[in-house]
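The values are calculated or read from the model by the stated rules, or taken from the named source; none is laboratory data. Bear in mind that the values here come from a model prediction, so they are computed numbers and not experimental data. Neighbour counts run over all protein chains shown; Cβ positions are idealised from the backbone, glycine included. Accessible surface is based on the protein model in full, side chains and every heavy atom, while ligands, DNA and RNA are left aside. Shrake-Rupley method; radii C 1.70, N 1.55, O 1.52, S 1.80 Å.
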Amino acid sequence: MTLFPIDNSDRKPIGSTGETVSAIGVGTWAIRDPDRMVEALVYAFSNGIDNVDTAEMYGNGLAEEVVGRSVKRVGRDNVFITTKLLPHRFRSEDLAEKAMKRSLSRLGVRLRRPSPNTLARQRSRHPGPD
């Protein structure tokens, strides 16, 4: 039995991608017990929440690792992950790329590219210069 019923039809768009996420998301700041957090995330993902927020600075990467462990249990296609980098990572493209790769590694995922249909829709709405 679900303790807190979620309206699974309440979804919010992700920009103009055509993708949506649950209106309620889960944050991962200040994790005290990683194993219990994995269980809490799996519970949330299994009960309609598919939107999780994390960052490289949360627990020095621990939060991303916890999200990664949780995603492995429920399947990558069932979770929309938002992660953030520290501001100083954007001093150069190289620093940002290295930090992004470390985050993806901790999360245990690859960068998810938009589908060809999504790209075609975006191009038709926002044509580039000729």
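Suppose the filter is among the basic types (K, R), open to solvent by 20 Å² or more (accessible area, probe 1.4 Å) and under 15 Å from the mean Cα position of the chain (by Cα); does K84 pass it? Answer is yes for this residue. Out of everything in the stretch 27-48 that is touching a Ser or Thr at 6+ places or on another chain (Cβ under 6 Å) and modelled with pLDDT of 95 or more, what residue ends up being surrounded by the most Cβ atoms within 10 Å (Cβ to Cβ)? The selected residue is L41.
The set of residues in the stretch 12-58 being within 15 Å of I81 (Cα to Cα) and among the charged types (D, E, K, R) consists of K12, E19, D50, D53, E56.
Can you find even one residue in the stretch 62-72 that is open to solvent by less than 90 Å² (accessible area, probe 1.4 Å), at pLDDT below 95 and of a type outside the set (S, T, Y)? For the stretch 62-72, residues open to solvent by less than 90 Å² (accessible area, probe 1.4 Å), at pLDDT below 95 and of a type outside the set (S, T, Y): absent. For the stretch 1-26, taking the residues that are in contact with a Gly (Cβ under 7 Å, 6 or more places away or on another chain) and not aliphatic (A, V, I, L, M), the one that is surrounded by the most Cβ atoms within 10 Å (Cβ to Cβ) is identified as S22.
One residue stands out in the stretch 90-113 among those that are part of a helix (DSSP H, G or I) and open to solvent by less than 50 Å² (accessible area, probe 1.4 Å): the one that is nearest to A44 (Cα to Cα), namely L107. Figure legend. Inter-residue proximity from the stretch 80-94: first residues within 17 Å of D53 (Cβ to Cβ) and touching a residue at least 12 places away in the same chain (Cβ under 8 Å), second residues of a type outside the set (D, E, K, R) and in a helix (DSSP H, G or I), beta-carbon distance below 6 Å, spacing 6+ or different chains. Indicated pairs: T83/S103; L85/A99.
For the stretch 49-61, a tally of residues being aliphatic (A, V, I, L, M), open to solvent by 40 Å² or more (accessible area, probe 1.4 Å) and within 11 Å of the chain's Cα centre (by Cα) returns 0.
Here is a check on your reading of the model: is V42 closer than 22 Å to R73 by Cβ and in contact with a strand residue (DSSP E or B) (Cβ under 7 Å, 6 or more places away or on another chain)? So V42 fails the test.
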